[in-house]
Amino acid sequence: MFLHLEISSKCTLKCPLCPRTQHPGKFAVTELSLDLLEKALGARLPYTCILLCGDHGDPIYHSRFHEVLQLIKRYYPNTKIEIATNGSFRSQEWWTRTAEILEKHDQVTFGIDGLKHTNSIYRVGADWDSIIKGICTLKEYGVASVRWQWILFKYNEDQIKEGVQWARKLGVDTFELRKSFRPTDDPRLQPSKSLESAQKEALCEN
C-alpha cells in the first residue's frame with residue numbers, strides 16, 4: 001500500500017500537455033501545510049511507499065520541503081520515500097540537504113525527456129545544468145537511488161541511446177522509458193516508434 005502526496009501545486013515549467021498550461025489560471029498556487037500533513041501521517045497506516053509526485057505541481061518547490069521530508073521520516077522511518085521531479089533550479093546546497101535526510105531505501109526520480117538542447121521541447125523552462133547538478137550531488141552523497149524517467153516523444157526517440165549513455169556516465173541507478181498518457185495533436189510529441197521497439201534500440205549494444 002502506498003500513499004501519494006501532492007504537497008505543492010507550484011512548478012517552474014510549462015509543459016504543453018500539463019493541465020496547468022492548458023487551463024491557465026484554473027489552478028491555485030498553493031502547498032500543503034505541515035499541520036495538515038502531520039494529521040494525514042498521524043494515521044500511521046502500513047504504507048510501503050510514500051510518493052511525493054505532482055499532477056499539477058512539483059514537490060521540490062514546496063517552501064518547507066526539507067521539513068516535509070523530516071516529518072515523513074518521523075512518522076515512517078522505515079518506509080520508502082519516492083520523489084518525482086523535473087529537478088530544475090535547486091542549488092547544490094539544497095540537494096545536499098535533501099541527501100542528508102534521505103536513506104538507502106529512498107529514491108529520487110528525475111523527469112528528463114531528452115538531452116541538453118531537447119529536454120525543454122516538452123519540459124518547457126527546464127534548466128539542464130541545475131538538473132545535472134542535482135543528480136551528481138545525490139550520487140556523490142551515495143544514499144538514495146536515482147532514476148531517470150524519459151517520456152517517449154517524436155523529437156527524442158532517436159536520442160534515447162545517448163540518454164542511456166548519459167545516465168550511465170552520471171551513475172544513475174535506473175533508466176525508465178515510458179509513453180505519455182496524455183493525448184496530443186502536436187506531431188513533435190507523437191512518437192513513430194512503439195515503446196517496445198524504442199526500448200530494444202536503446203539497450204542494444206553496437
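The values are calculated or read from the model by the stated rules, or taken from the named source; none is laboratory data. Small disclaimer: the values here were computed from a predicted structure and weren't measured. Heads up, the Cβs are rebuilt from the backbone with ideal geometry, glycines too, and the neighbour counts pull from every protein chain shown.
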Name the strands (runs of 3 or more DSSP E) wholly inside region 38-117 in which the number of residues that are under 22 Å from Glu140 (Cβ atoms) and of a type outside the set (Lys, Arg) is 3 or more.
-> 80-85, 107-111
Among (1) under 18 Å from Thr109 (Cβ atoms); (2) assigned to a helix (DSSP H, G or I); (3) of a type in the set (A, V, I, L, M, F, W, C), which single condition is Val172 missing?
-> (2)
Sole residue being within 18 Å of Gln107 (Cβ to Cβ) and among the charged types (D, E, K, R), chosen from Glu38, Glu6 = Glu6
Residue pairs meeting the criteria (Cβ under 9 Å; at least 6 apart or on separate chains; first in contact (Cβ under 8 Å) with a residue 60 or more places away in the chain, in region 179-205; second of a type in the set (Ser, Thr, Tyr)) | Ser180/Tyr122; Arg188/Tyr122; Arg188/Tyr155; Leu189/Tyr122; Leu189/Tyr155; Leu189/Ser180
Residue by residue through region 118-131, note down the ones that are assigned to a helix (DSSP H, G or I), surrounded by fewer than 21 Cβ atoms within 10 Å (Cβ to Cβ) and among the hydrophobic types (A, V, I, L, M, F, W, C).
-> Ile121, Trp128
Breaking point among (1) under 18 Å from the mean Cα position of the chain (by Cα); (2) within 30 Å of Arg168 (Cα to Cα), for His117 = (1)
Does region 148-166 hold any residues that are under 21 Å from His105 (Cβ atoms) and in contact with a helix residue (DSSP H, G or I) (Cβ under 9 Å, 6 or more places away or on another chain), and which are they?
-> Trp148
Pick from region 38-54 the residues that are surrounded by 11 or more Cβ atoms within 10 Å (Cβ to Cβ) and farther than 16 Å from Lys80 by Cα: which of them is modelled with the lowest pLDDT?
-> Gly54
Which listed residue, of Thr118, Thr98, is within 23 Å of Thr79 (Cβ to Cβ) and among the polar types (S, T, N, Q) = Thr98
Out of curiosity, is Thr79 touching a residue at least 12 places away in the same chain (Cβ under 8 Å), buried (at least 16 other Cβ atoms within 10 Å of the Cβ) and of a type in the set (Ser, Thr, Tyr)?
-> yes
If you check Arg97, Arg74, which single one turns out to be more than 25 Å from Arg20 (Cα to Cα), touching a helix residue (DSSP H, G or I) at 6+ places or on another chain (Cβ under 6 Å) and among the charged types (D, E, K, R)?
-> Arg97
Across (1) assigned to a loop (DSSP other than H, G, I, E, B); (2) over 20 Å from Val108 (Cα atoms), Thr21 clears everything bar (1)
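Let's see how each residue does on (1) at pLDDT 95 or above; (2) more than 28 Å from Asn78 (Cβ to Cβ); (3) among the charged types (D, E, K, R); (4) surrounded by fewer than 17 Cβ atoms within 10 Å (Cβ to Cβ):
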{"position": "Gln92", "(1), (2), (3), (4)": "yes, yes, no, yes"}
{"position": "Asp113", "(1), (2), (3), (4)": "yes, yes, yes, no"}
{"position": "Gly134", "(1), (2), (3), (4)": "yes, no, no, no"}
{"position": "Leu189", "(1), (2), (3), (4)": "no, yes, no, no"}
